[in-house]
Amino acid sequence: MRRRMLRETFTLAGAAVMLLFGSPAVGVADTAVAATAVCGHTASQPELRTGATGVPTLEAQCELNLATKASAYTPIAVDGSFGSATEERVKVFQRCAGLTADGAIGPRTWAALNTWSAQPRTCTPGGTATAPQAAVCGHTDARPTLRRGAQGVEAKEVQCRLNLAMEPGHHTPLVIDGDFGGGTENRVMEFQRCAGLGSDGVVGPNTWAKLVDWSGRNAYCTPPRPGGYPVDGVDTSTYQHPGGAPIDWKALRASGVEFATVRATRGLNVTDPYLATDLEAARTAGLAVAPYHFYTAATGATGPAQADFFIAAVRTTGYTGGRPGDLPPVLDLERMDDGTGRCPTYASVADVTAWLDRVEAAFGRKPVIYTQKSFLDDCMGSTTAFSSYALQLADYRQSITQPPLPNGSTSWLMWQYTESALYDAIKAPVNADVFNGTQADLDRLAHR
């Protein structure tokens, strides 16, 4: 759901990655921060060029594979020997990263490699398919059966190959630390479903074979974006601004994102620090935009007060609900955001209805409700009281073609299908949505 933005899989030397993301031309002074063993071989980053050998070369070759595959380049051999193929791939990467393409890996190239390999992005012109490589991570050629709890170089090999096999735009890269935990197990299951294997989370002979094949050539697991829904959106909040980094809304719009829901407020007293900038910047960039409120119920009957708090906050941004680009306001109904997963203590149909009625009266637009069927079943008694409201439904399962509808509802408006989409314009994973309709439908909803 919305609150779970920074996942286990995105902790890779966090400060280093966040500081460098989006800035490929990193100066020499930044290399201490950038010295990250993204592939798990070594954080030693000496200057490398043709003829170099050893563990730093393994790390560099592995990072090159992670950094360039998203641009359609088949991985090179990770053999610890810096030959002509490695030099050529270094030049490819340097051109992508806006660096001098001299084929040598110095401080600036290392820094950019750490960033691009941890959070892959695309560049032009793109590669051409070549013969697949067997050694693309450089940890081990052993292929033992692995499951949750395994540790060591074999687990590192699995994690690295999973990062090469899973399309990074929607699968946040795993930390390559050799610890086969829950995050790795879940990613193995995702890969197995993509590859048409039994999804048990165990890396046995069949999974190894598919993993070696997919990671060694220009192929990715099909991303979990639902088919048949061409209009894309995102949900943002302070979590999409690590270290204060801005969202490049114009670039996001240019990448094909058409709408956004932006967190405005939470409960009775929390205003998102990026509300004012993000809401208007997204609208100015051409996105259809809605502000949303995260409902809390630590005490009873606070719906009207929470509504007033939300109304006041979004009005200061210029939102009226009726301008071109304004989508209806959204109420976020989900479990408590304290890590317990419990139902809001004093949530009630009456209190939620009070929020909805007051916000509709303020803006002249019937709000959208963000929720899940399971939340309404478990926490609101399977109520049908909200069946007339448009719905933004969260469900991250790849096995479904649309989210399950709450009792009494007949359709959904938006489907939040992942919490880990990656865009160059946003410096952290982001929740992504599809719209249940055409672009013309979205334009009408946004008064355009």
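Quick look at the values:
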quantity: Residue within the range 139-156 that is within 25 Å of the chain's Cα centre (by Cα) and β-branched (Val, Ile, Thr) present; calculated: no
quantity: Filter pass, residue 253 being free of Cβ contacts under 8 Å to residues at least 40 places away in the same chain, within 24 Å of residue 68 (Cα to Cα) and either over 20 Å from the mean Cα position of the chain (by Cα) or open to solvent by 30 Å² or more (accessible area, probe 1.4 Å) (or both); calculated: yes
quantity: Residues being open to solvent by less than 30 Å² (accessible area, probe 1.4 Å), farther than 22 Å from residue 380 by Cβ and touching a strand residue (DSSP E or B) at 6+ places or on another chain (Cβ under 7 Å) - total across the range 403-425; calculated: 4
quantity: Residue, modelled with the lowest pLDDT, within the range 66-96, restricted to residues that are assigned to a helix (DSSP H, G or I) and of a type in the set (Ser, Thr, Tyr); calculated: 71
quantity: Matching residues, the range 421-435, being part of a loop (DSSP other than H, G, I, E, B) and either under 15 Å from residue 261 (Cα atoms) or under 11 Å from the mean Cα position of the chain (by Cα) (or both); calculated: 422, 423, 424, 426, 427, 428, 429
quantity: Unique residue being in contact with a helix residue (DSSP H, G or I) (Cβ under 8 Å, 6 or more places away or on another chain), crowded, with 21+ Cβ neighbours inside 10 Å and closer than 26 Å to residue 336 by Cβ when the list is 432, 394, 428; calculated: 428
quantity: Criterion violated by residue 415 - all others in (1) touching a residue at least 60 places away in the same chain (Cβ under 8 Å); (2) over 23 Å from the mean Cα position of the chain (by Cα) satisfied; calculated: (2)
quantity: Output for the range 195-217, where each listed residue is closer than 23 Å to residue 78 by Cβ and not in a loop (DSSP other than H, G, I, E, B); calculated: 203, 205, 207, 208, 209, 210, 211, 212, 213, 214, 215, 216
quantity: Residue that is in contact with a Pro (Cβ under 8 Å, 6 or more places away or on another chain) and either under 23 Å from residue 422 (Cβ atoms) or open to solvent by 40 Å² or more (accessible area, probe 1.4 Å) (or both), where the choices are 134, 67, 72; calculated: 67
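The values are calculated or read from the model by the stated rules, or taken from the named source; none is laboratory data. Keep in mind that this is a model prediction, so the values were computed, not measured. Because the Cβ atoms are built from the backbone with ideal geometry, glycine has one as well, and the counts that use them run over all protein chains shown. For accessibility, only protein heavy atoms count, side chains too; no ligands or nucleic acids. Shrake-Rupley method; radii C 1.70, N 1.55, O 1.52, S 1.80 Å.
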